[in-house]
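The values are calculated or read from the model by the stated rules, or taken from the named source; none is laboratory data. Given the structure is predicted, the values throughout are model-derived calculations rather than measurements. For neighbour counting, all protein chains shown are included, and Cβ atoms are generated from backbone atoms with ideal geometry for every residue, glycine included. When the accessible area is computed, the model is the full protein with side chains, heavy atoms only, and any ligands, DNA or RNA have been set aside. Shrake-Rupley method; radii C 1.70, N 1.55, O 1.52, S 1.80 Å.
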Amino acid sequence: MSAPPLLSARGLTKRFGGLVAVDGVDFDVFAGEILGLIGPNGAGKTTTFNLIAGAFAPTSGTLDFEGKPIHGLGPHEVAGRGIMRTFQHNMPFAGMSLIDNVLVGCHRRMQSGLAALVMGSRRAAAEEEKARRRAAELIGFVGLGDVADTPVVNLSFGQGRLLEVARGLAGEPRLMLFDEPAAGLTPAEAERLSDIIRGIAKRGIAVLLIEHDMRFLLPLAERVIVLNFGRKIADGTPDAIRRDPAVVEAYLGEASTIGAGEEAARA
Amino acid sequence: MTRAAPWLAAAAAMIAVAFLLKDFGYYSDQYRKLMLWVALALGFNFLFGIAGQVAFSHFAFYGIGAYAVVILTFKAGLPLGVAVVLGLALCAVLAIAVGIAATRLEGFYLALATMAFAQLFLVVLTEGGAVTGGAGGIANYRLPALELGGRRFTLTGPYYTSLIALVLLATFFVFWRLDRSYFGRACRAIRDNPEAAAAMGVDVARTKIVVFTVTSVLAGAAGMAYAFVDNIVNPPVFGLENVFLLLFMVIIGGSGRHAGAVVGAILLYMLPYVLTPLIGHHQALVFGIVMVAAMLFRPDGLVGVYDRLRARYGRGAA
């Protein structure tokens, strides 16, 4: 990968009181790749995710996105730069229609001022029209076209997850963050989500996944970063990760990752 | 032009009513006040029902607008146009100041802080000495004559009623357009889930302040129109109970829906006039029972009931 990284973390550190949740982590994310971030419970995955998403600022270290620092920015500013996310526990806007939910994702592309909105300027109308087309297209892309008119509270959990994906994509992200996207999905739903994530990467969007479920992640990710006790212990292809002795040791006996653990132990 | 047609028709109808009522002083007066309540309910619906801010300062800004235009015109001697612009600017500055402080708060605490502001406004009115006229307020003024193209004329009777109709329609138009834009969606998103809204790029704090300011300034504009309805402004008119009536109007009609605010405002404004001749003071009891029943059984309000009926019986297969 000779192109400059889209996102690069250097010495990323987050302390909570005496606990060092993320400890001097370096990594890069490249455009169009599917990168997995794994590790046993308490390894610092979610903290790393939250540092990127702007939920909190790092204690030290840097995060550069497209060459510009983003550490210390708030969530809406990070989103404004083109990093969108999904939530592990679906967070729909419950009082809004499905299309309006997805349209909120378009927010960062909307430029019209309040006066233009009230007066109904040509530019504001064109912007709205473009956003609506994009939202409708994305609802089709994730396969929610059949339920486009259903109140979002009546969607199944799996459909709610797809809504999160469409909503994030609406912001035309350069980097899409997935927080345990397979959690709570049926195997069939997880399979469909894998296909959708591959489709996202094909559009040139970088995908960063935090995932517990190795059966979901390993066939999907092109590269995997392993964290343990806040430190990066491995960074490579899924095959290399499976054979890495440090990873095997970190995962041995981890109930939630039996599949990967056993496989890694055998290797 | 088809998009403008409903608005023009509404304006024509409302102005026609103003002229129909011109010889019936009492009804004309009630019509003016009803329209102002509808304008206030539309703003409160945007603030509370759409943006989810439980802010009880809405009626205080109505009062600030009314007092500001009267004080600036008749105590400071400014031309009416200047007084209106300065009064709206005052509402905006106060709203931004209160908004910056209050939008750090949520739910119960926002309610308390904005209620304290509304109470403070009443104290300032009562203790304001010669400027506010104290407990007696300011009276004995009249809408000054306007000069347009060298001719002086005064808006009276049905003409002033028509002006109020236009204020109401302009208010409705602003909220209608904002609600159907990305801005309205951002407001609803913040109401439903501020964390997810921020993750989608919505600047939650800024949006809250903008909503608070826009709704407060338009409440102030309605207040300015009110100042020349009774030609008296005094503290009791702007008492705290009014904002709760606004809250009930929005909830009864259907929170978050423009039609709900209109229906709720008309219904609750007229209810005492219908009930009092029948059951006298017991009307307050009926009012209370209706409110509790509405919140228990129909939290989506009358507009929600209408939607259900239409879904069941109306318009064939939709």
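Among the residues of region A:39-58, what is the count of those that are more than 30 Å from residue A:248 (Cβ to Cβ) and open to solvent by 20 Å² or more (accessible area, probe 1.4 Å)?
Count: 3.
Scan region B:155-172 residue by residue and report those that are under 20 Å from the mean Cα position of the chain (by Cα) and either within 12 Å of chain A (Cβ to nearest Cβ) or on the phi > 0 side of the Ramachandran plot (or both). Give the derivation first.
Restricting attention to region B:155-172, the residues satisfying the condition of being under 20 Å from the mean Cα position of the chain (by Cα) are B:160-172.
Within region B:155-172, B:170, B:171, B:172 meet the criteria.
So residue A:218 fits all but one of (1) of a type outside the set (D, E, K, R); (2) under 14 Å from the mean Cα position of the chain (by Cα); (3) modelled with pLDDT under 95; what number is the exception?
All conditions pass for residue A:218, except number (2).
Would you list the helices (runs of 4 or more DSSP H) that sit entirely within region B:1-113 and hold 3 or more residues that are farther than 30 Å from residue B:146 by Cα? Show your work before the answer.
Details: elements: B:5-20, B:25-44, B:58-70, B:80-102.
Correct list: B:80-102.
Tell me which of these residue B:230 doesn't satisfy, since it passes every other one: (1) in a helix (DSSP H, G or I); (2) more than 14 Å from every other protein chain (Cβ to nearest Cβ); (3) over 20 Å from residue B:300 (Cβ atoms).
So residue B:230 meets the others, but not (1).
Which residue is nearest to the other protein chains (Cβ to nearest Cβ), if the candidates are limited to region A:91-112 and must be among the small types (Gly, Ala, Ser) and either open to solvent by less than 30 Å² (accessible area, probe 1.4 Å) or more than 23 Å from residue B:257 (Cα to Cα) (or both)? Reasoning before the result, please.
Start the filter on region A:91-112 by keeping residues that are among the small types (Gly, Ala, Ser), which leaves A:94-95, A:97, A:105, A:112.
Remaining after also requiring either open to solvent by less than 30 Å² (accessible area, probe 1.4 Å) or more than 23 Å from residue B:257 (Cα to Cα) (or both): A:105, A:112.
Numbers: A:105: 5, A:112: 8 Å.
Taking the candidates together, the pick is A:105.
Is it the case that region A:174-195 has a residue that's assigned to a loop (DSSP other than H, G, I, E, B), surrounded by fewer than 21 Cβ atoms within 10 Å (Cβ to Cβ) and at pLDDT 95 or above?
yes
Answer yes or no as to whether residue A:167 is of a type outside the set (Val, Ile, Thr), in contact (Cβ under 8 Å) with a residue 60 or more places away in the chain and within 8 Å of chain B (Cβ to nearest Cβ). Step through it out loud before you land on a result.
On the way: of a type outside the set (Val, Ile, Thr): yes; in contact (Cβ under 8 Å) with a residue 60 or more places away in the chain: yes; within 8 Å of chain B (Cβ to nearest Cβ): yes.
Considered against the rule, which asks whether it is of a type outside the set (Val, Ile, Thr), in contact (Cβ under 8 Å) with a residue 60 or more places away in the chain and within 8 Å of chain B (Cβ to nearest Cβ), residue A:167 comes out as yes.
In region B:122-152, how many residues are under 17 Å from residue B:84 (Cβ atoms) and out of contact with any helix residue (DSSP H, G or I) (no Cβ under 8 Å at 6 or more places or on another chain)?
So the first thing to find is which residues in region B:122-152 are under 17 Å from residue B:84 (Cβ atoms), and the list is B:138, B:141-148.
Now restrict to residues that are out of contact with any helix residue (DSSP H, G or I) (no Cβ under 8 Å at 6 or more places or on another chain): B:142, B:145, B:147-148.
Looking only at that region, the number is 4.
For the structure I just gave you, tell me whether residue A:25 is within 14 Å of residue A:232 (Cβ to Cβ), part of a strand (DSSP E or B), open to solvent by 30 Å² or more (accessible area, probe 1.4 Å) and of a type in the set (A, V, I, L, M). Walk me through it before giving the result.
Numbers: within 14 Å of residue A:232 (Cβ to Cβ): yes; part of a strand (DSSP E or B): yes; open to solvent by 30 Å² or more (accessible area, probe 1.4 Å): no; of a type in the set (A, V, I, L, M): yes.
When the stated conditions are applied, residue A:25 does not pass them.
Considering only region B:72-108, state which residues are more than 21 Å from the chain's Cα centre (by Cα) and hydrophobic (A, V, I, L, M, F, W, C). Please lay out each step first, then the result.
Step one: filter region B:72-108 for residues more than 21 Å from the chain's Cα centre (by Cα), giving B:72-82, B:100-101, B:104-106, B:108.
Correct list: B:72, B:74, B:76, B:78, B:80, B:82, B:100, B:101, B:105, B:108.
Six or more apart or on different chains, Cβ under 6 Å: which pairs go from a residue in region B:121-148 that's free of Cβ contacts under 8 Å to residues at least 12 places away in the same chain to one that's open to solvent by 40 Å² or more (accessible area, probe 1.4 Å) and not polar (S, T, N, Q)? Could you list them?
B:145/B:152
Looking at B:218, B:246, can you tell me which residue is farther than 30 Å from residue A:176 by Cβ, of a type in the set (A, V, I, L, M, F, W, C), in a helix (DSSP H, G or I) and away from every other protein chain (no Cβ under 14 Å)? Give the steps one after another, and end with the answer.
Values: B:218 fails: away from every other protein chain (no Cβ under 14 Å).
Step by step, each of B:218, B:246 is checked, and only B:246 is farther than 30 Å from residue A:176 by Cβ, of a type in the set (A, V, I, L, M, F, W, C), in a helix (DSSP H, G or I) and away from every other protein chain (no Cβ under 14 Å).
Filter region A:198-215 for residues that are of a type in the set (A, V, I, L, M) and touching a helix residue (DSSP H, G or I) at 6+ places or on another chain (Cβ under 6 Å); which is modelled with the highest pLDDT?
Residues of region A:198-215 of a type in the set (A, V, I, L, M): A:200-201, A:205-210, A:214.
Next, only the ones that are touching a helix residue (DSSP H, G or I) at 6+ places or on another chain (Cβ under 6 Å) stay: A:207, A:210, A:214.
Working: A:207: 97, A:210: 94, A:214: 86.
Taking the candidates together, the pick is A:207.
Residues B:175, B:212: which one is in a helix (DSSP H, G or I), touching a residue at least 24 places away in the same chain (Cβ under 8 Å), open to solvent by less than 10 Å² (accessible area, probe 1.4 Å) and within 10 Å of another protein chain (Cβ to nearest Cβ)?
Details: B:212 fails: within 10 Å of another protein chain (Cβ to nearest Cβ).
None of the others qualify; the one that does is B:175.
Residues to consider are B:135, B:68, B:51, B:76; find the one that is closer than 29 Å to residue B:189 by Cα and not assigned by TED's automatic domain parsing to the domain that holds residue B:257.
Result: B:51 is the single residue among B:135, B:68, B:51, B:76 that is closer than 29 Å to residue B:189 by Cα and not assigned by TED's automatic domain parsing to the domain that holds residue B:257.
Output the residues belonging to region A:46-82 that are among the aliphatic types (A, V, I, L, M) and either part of a loop (DSSP other than H, G, I, E, B) or more than 25 Å from residue A:229 (Cα to Cα) (or both).
From region A:46-82, those among the aliphatic types (A, V, I, L, M) are A:51-53, A:55, A:57, A:63, A:70, A:73, A:78-79; that's our starting set.
If the condition is that a residue be among the aliphatic types (A, V, I, L, M) and either part of a loop (DSSP other than H, G, I, E, B) or more than 25 Å from residue A:229 (Cα to Cα) (or both), then A:55, A:57, A:70, A:73, A:78, A:79 are the ones that fit.
Does residue B:255 satisfy being touching a residue at least 60 places away in the same chain (Cβ under 8 Å), out of contact with any Lys or Arg (no Cβ under 7 Å at 6 or more places or on another chain) and not in a helix (DSSP H, G or I)? Quick ask: steps written out before the conclusion?
On the way: touching a residue at least 60 places away in the same chain (Cβ under 8 Å): yes; out of contact with any Lys or Arg (no Cβ under 7 Å at 6 or more places or on another chain): yes; not in a helix (DSSP H, G or I): yes.
In short, yes.
With the structure loaded, tell me whether residue B:89 is modelled with pLDDT of 95 or more and surrounded by fewer than 14 Cβ atoms within 10 Å (Cβ to Cβ) or whether it fails that test.
Numbers: modelled with pLDDT of 95 or more: yes; surrounded by fewer than 14 Cβ atoms within 10 Å (Cβ to Cβ): yes.
Yes.
So, in region A:67-88, exactly how many residues are more than 8 Å from every other protein chain (Cβ to nearest Cβ), open to solvent by less than 40 Å² (accessible area, probe 1.4 Å) and in contact with a Pro (Cβ under 8 Å, 6 or more places away or on another chain)?
Summing the residues that are more than 8 Å from every other protein chain (Cβ to nearest Cβ), open to solvent by less than 40 Å² (accessible area, probe 1.4 Å) and in contact with a Pro (Cβ under 8 Å, 6 or more places away or on another chain) in region A:67-88 gives 3.
Any idea how many residues of region A:61-108 are among the polar types (S, T, N, Q), in contact with a Lys or Arg (Cβ under 8 Å, 6 or more places away or on another chain) and within 23 Å of residue A:151 (Cα to Cα)? Lay out the reasoning, then the answer.
Start the filter on region A:61-108 by keeping residues that are among the polar types (S, T, N, Q), which leaves A:62, A:86, A:88, A:90, A:97, A:101.
Restricting the remaining residues to those that are in contact with a Lys or Arg (Cβ under 8 Å, 6 or more places away or on another chain) gives A:62, A:86, A:90, A:101.
Still in the running and within 23 Å of residue A:151 (Cα to Cα): A:86, A:90, A:101.
Qualifying residue count for the region: 3.
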